[in-house]
Amino acid sequence: MFLFYFSISLAIASSALYHFVAKSTPANVNFTVSLLVTYAVAFVVTLIGFFFFPATNGVLAEIKQLNWASIGLAIAVVGIEFGFLLTYRSGWNLGIAAVLVNVVASLILVPVAIFIFKDRISWVNILGILVCLAGLAMLNWKR
């Protein structure tokens with residue numbers, strides 16, 4: 001049960017920190033240089049992770065078990081990083097950009113979840129989707 005709550009708390013805290021830091025990245029710095037430093041630090045942090053989650057069969061054995069998803073995840077992560085750095089540099093508000101991207105991405109993933117991963121959704125989930133759509137309309141409401 002600890003992992004259940006810890007994992008989602010870590011994801012939420014990291015996501016909030018991510019957007020705060022991305023918005024705080026100096027606009028006059030080349031964002032590819034910024035990302036190179038980001039990924040160098042991420043590499044070191046990931047190496048430290050081996051102390052907590054060791055590869056019991058060895059790194060090479062684990063690498064052999066990988067599929068296309070690791071490459072796809074890398075492309076997606078770089079796309080998210082570039083996208084948000086450019087989004088914030090172009091003047092988007094911190095809260096609105098993050099909410100907009102996450103809601104729209106979630107809405108795109110609903111049919112993927114249903115048809116590819118065979119997830120089931122209830123009427124309460126459908127109501128939640130409608131609330132998200134109403135929220136998007138409210139975010140873009142002209143004052």
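The values are calculated or read from the model by the stated rules, or taken from the named source; none is laboratory data. None of the values given here were measured: they were computed from a predicted structure. Positions of Cβ are generated from backbone atoms using ideal geometry, with glycine treated the same way; all protein chains shown enter the neighbour counts. Areas reflect the complete protein model, heavy atoms only, side chains present, ligands, DNA and RNA absent. Shrake-Rupley method; radii C 1.70, N 1.55, O 1.52, S 1.80 Å.
Numbers at a glance
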| read-out | value |
| --- | --- |
| Any pair with Cβ under 8 angstrom, 6 or more apart, that starts in segment 70-82 at a residue that is among the β-branched types (Val, Ile, Thr) and ends at one that is part of a helix (DSSP H, G or I) | Val78/Leu35 |
| Condition met for Ser34 (loosely packed, with under 10 Cβ neighbours inside 10 Å and closer than 29 Å to Val99 by Cα) | no |
| Odd one out for Lys142 among (1) farther than 18 Å from Ser15 by Cβ; (2) of a type in the set (D, E, K, R); (3) in contact (Cβ under 8 Å) with a residue 40 or more places away in the chain | (3) |
| Residue in segment 106-115 that is among the hydrophobic types (A, V, I, L, M, F, W, C), surrounded by 13 or more Cβ atoms within 10 Å (Cβ to Cβ) and touching a helix residue (DSSP H, G or I) at 6+ places or on another chain (Cβ under 8 Å) present | yes |
| Extreme residue, modelled with the lowest pLDDT, among residues of segment 116-143 that are open to solvent by 60 Å² or more (accessible area, probe 1.4 Å) and of a type in the set (S, T, N, Q) | Asn140 |
| Contacts under 8 angstrom Cβ, first residue in segment 118-136 being closer than 24 Å to Gly95 by Cα, partner open to solvent by less than 50 Å² (accessible area, probe 1.4 Å), 6 or more apart | Ile129/Leu107; Ile129/Val110; Cys132/Val103; Cys132/Leu107; Leu133/Leu107; Gly135/Val103; Leu136/Leu100; Leu136/Val103 |
| Counted residues, segment 64-93 - those being open to solvent by 90 Å² or more (accessible area, probe 1.4 Å), assigned to a loop (DSSP other than H, G, I, E, B) and under 30 Å from Ser24 (Cβ atoms) | 2 |
| Qualifying position, being assigned to a loop (DSSP other than H, G, I, E, B) and either touching a residue at least 24 places away in the same chain (Cβ under 8 Å) or small (Gly, Ala, Ser) (or both), among Ala13, Ala55, Ala61, Ala42 | Ala55 |
| Per-region count, segment 40-63, residues closer than 26 Å to Asn102 by Cα and open to solvent by 70 Å² or more (accessible area, probe 1.4 Å) | 4 |
